[in-house]
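The values are calculated or read from the model by the stated rules, or taken from the named source; none is laboratory data. Source: prediction; values computed, not measured. Because the Cβ atoms are built from the backbone with ideal geometry, glycine has one as well, and the counts that use them run over all protein chains shown.
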Amino acid sequence: MAEPELVDVVVVGLGVGGEEVAGRLAEAGLTVVGIERDLVGGECPYWGCIPSKMMIRAANALAEAHRVNELAGSAEVRPDWAPVARRIREEATDTWDDKVAVDRFTGKGGRFVRGTGRLDGRNRVRVGEQVFEARYGVVLGTGTRPSVPPIDGLADNPYWTNHQAIEVEELPESLLVLGGGAIGLELAQVFARFGVRVTVVEAADRVLALEEPEASEIAATALRADGVEIHTGVKAERVEHDGASFTVHGGGRTFGGEKLLVATGRRAHLEELGLETVQVDAKQRYLPVDERMHVTEGIWAVGDLTGEGAFTHIAMYQAGIVVADLLDHMRRTKGGPDPSGTASVMGGAAGAVSAVGGAMSTGSTVAPGSVPVADYRALPRVTFTDPEVGAVGLTERQARDRGINVQIGYTDLTSSTRGWIHKAGNAGFIKLVVDADQGVLIGATSVGPAGGEVLSALVVAVHAAVPLSQLRHMIYAYPTFHRAIEDALRNLR
Ligand SMILES: Cc1cc2nc3c(=O)[nH]c(=O)nc-3n(C[C@H](O)[C@H](O)[C@H](O)COP(=O)(O)OP(=O)(O)OC[C@H]3O[C@@H](n4cnc5c(N)ncnc54)[C@H](O)[C@@H]3O)c2cc1C
């Protein structure tokens, strides 16, 4: 057996979270080994956020062009997928090549190892024949993969996951989408706008089932207007593929499509990580962490794997905490004041440029011994359909289930000045969930042409527990979409 090689930190999985942790620790002067079995950067830049948002940008341009007829004369639109596929291949993913990302990491002083990492006892990680022993810690950032439901006939057939949907060069004539969550709906709308006949089959009684029912309704209406067939409350029971197309059986009905996209959620694969060698239960759905991302002594986890929300901004947020905590742990292990100077580096060196853009730096200045802890109260989430569905904090149902004395404020965007001016494509609303006893917002949903952007004001309000009295007496620019927040506040009851 190979002698273990002693390093400061080992990071397993260099997706959004792992790459950020590994890069920042390397920049801080630690010896960091980063292990990635596929592409450095992970799901977001190659098969997730970035290419899907490029697709959405293109599909929305088509939709806007159609709106010319209602607002500004006439426009003839001939969709063409080729420039979208080219942009994803050339601009987003370098044809799914991570050389730039690997160089970025090694340029910061990190040591890159391509392979599958697995815990091999406390502080140890094995990659093939190599074994690394971490002086200060091991960070797991191995993410999730699509969760494929155990539907009869599905596993044996060439279904799509988000990977094939993002890599597609020639669009199919028709597409069946299993799952009406954020990923399913975003991709369904894109393909429909490019002329694909799309059918969404969702087991829950509404699409976007985790969001407010009003958001589900408006999203379903928008997709139907784009020609998407939506069937809710249908549990797929059997899948058939005849070599040319798929048939899904469920609820006594059948649904057909040339391709089948499975978008029924994501799953962490804990069983692959060697967790039993450090006495951690690998049979859980996600890897539980404490508020500083500790799994167990000497092991941290970051990103989708932790089950705190499958978003790039969560992975980046948690990465900031892991970096601070690991440096603090190192300082305490070594004793005395911060030996690497990293407590002060934290503020400045935080600007690590990640695979998905420098704007995502999550740095915070950390005094030795004072490490920020995770707080998910104001976790924002955006479904980038048109209209966009942005949400933060608790939904009305979640708040009522917690026994909170709830007040709701609602306003329709179409009746706001900006919504009325906007006209074509102006569907949307603002819904506020208020803790009436505390006099603060605890949740909000913002749907509209800029629903995700309008959300930012509501995130600040929930995060900082801004008193309602203050929200009511601030000035909202006229005529913006976000001015509708003021209307919703007026309607609180
Ligand atoms: C279609 C789609 C659209 C999305 N859109 C958005 C969006 O708009 N906004 C948003 O915030 N989020 C979005 N997401 C979610 C976002 O992509 C994830 O939250 C993010 O990628 C999570 O980062 P991560 O570091 O936890 O994991 P990942 O990005 O999944 O990276 C984990 C990495 O670990 C590697 N790995 C796994 N096991 C091992 C091992 N044993 N050894 C070595 N390497 C290993 C994997 O190869 C992978 O590269 C989207 C996701 C999808 C699928």
Do you know which residues across region 86-111 are in contact with a helix residue (DSSP H, G or I) (Cβ under 6 Å, 6 or more places away or on another chain), within 22 Å of TRP300 (Cα to Cα) and either of a type in the set (D, E, K, R) or buried (at least 19 other Cβ atoms within 10 Å of the Cβ) (or both)?
PHE105, LYS108, GLY110
Can you name the residue in region 37-78 that is more than 14 Å from the ligand (Cβ to nearest atom) and outside any helix (DSSP H, G or I) and, of all such residues, is nearest to HIS422 (Cα to Cα)?
ALA72
Which pairs turn up if I take residues in region 44-64 that are small (Gly, Ala, Ser) and look for partners that are within 11 Å of the ligand (Cβ to nearest atom) and assigned to a helix (DSSP H, G or I) with beta carbon separation below 7 Å, at least 6 apart in sequence or on another chain?
GLY48/ASN162; SER52/ILE166; SER52/GLU186; SER52/LEU187; ALA59/VAL190
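Yes or no: GLY34 in contact with a helix residue (DSSP H, G or I) (Cβ under 8 Å, 6 or more places away or on another chain), more than 6 Å from the ligand (Cβ to nearest atom), in a loop (DSSP other than H, G, I, E, B) and more than 13 Å from THR93 (Cα to Cα)? Explain how you work it out, then say what you get.
Numbers: in contact with a helix residue (DSSP H, G or I) (Cβ under 8 Å, 6 or more places away or on another chain): yes; more than 6 Å from the ligand (Cβ to nearest atom): yes; in a loop (DSSP other than H, G, I, E, B): no; more than 13 Å from THR93 (Cα to Cα): yes.
So GLY34 does not fit the description; no.
Please verify whether LEU171 is surrounded by 21 or more Cβ atoms within 10 Å (Cβ to Cβ) and either within 16 Å of the ligand (Cβ to nearest atom) or not in a strand (DSSP E or B) (or both), treating the condition exactly as stated. Before you say what the answer is, go through the steps one by one.
Values: surrounded by 21 or more Cβ atoms within 10 Å (Cβ to Cβ): no; either within 16 Å of the ligand (Cβ to nearest atom) or not in a strand (DSSP E or B) (or both): yes.
It is false that LEU171 is surrounded by 21 or more Cβ atoms within 10 Å (Cβ to Cβ) and either within 16 Å of the ligand (Cβ to nearest atom) or not in a strand (DSSP E or B) (or both).
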Give the residues of region 135-190 that are farther than 18 Å from HIS269 by Cβ and either among the basic types (Lys, Arg) or at pLDDT below 95 (or both), sorted by residue number.
ARG135, ASP156
Filter region 99-128 down to residues that are under 21 Å from GLU271 (Cα atoms) and either at pLDDT 95 or above or in a strand (DSSP E or B) (or both), then give me how many there are.
14
Give me a count of the residues in region 401-414 that are out of contact with any helix residue (DSSP H, G or I) (no Cβ under 7 Å at 6 or more places or on another chain) and touching a residue at least 40 places away in the same chain (Cβ under 8 Å).
1
In region 222-231, is there at least one residue being touching a residue at least 40 places away in the same chain (Cβ under 8 Å), over 14 Å from THR385 (Cβ atoms) and part of a loop (DSSP other than H, G, I, E, B)?
no
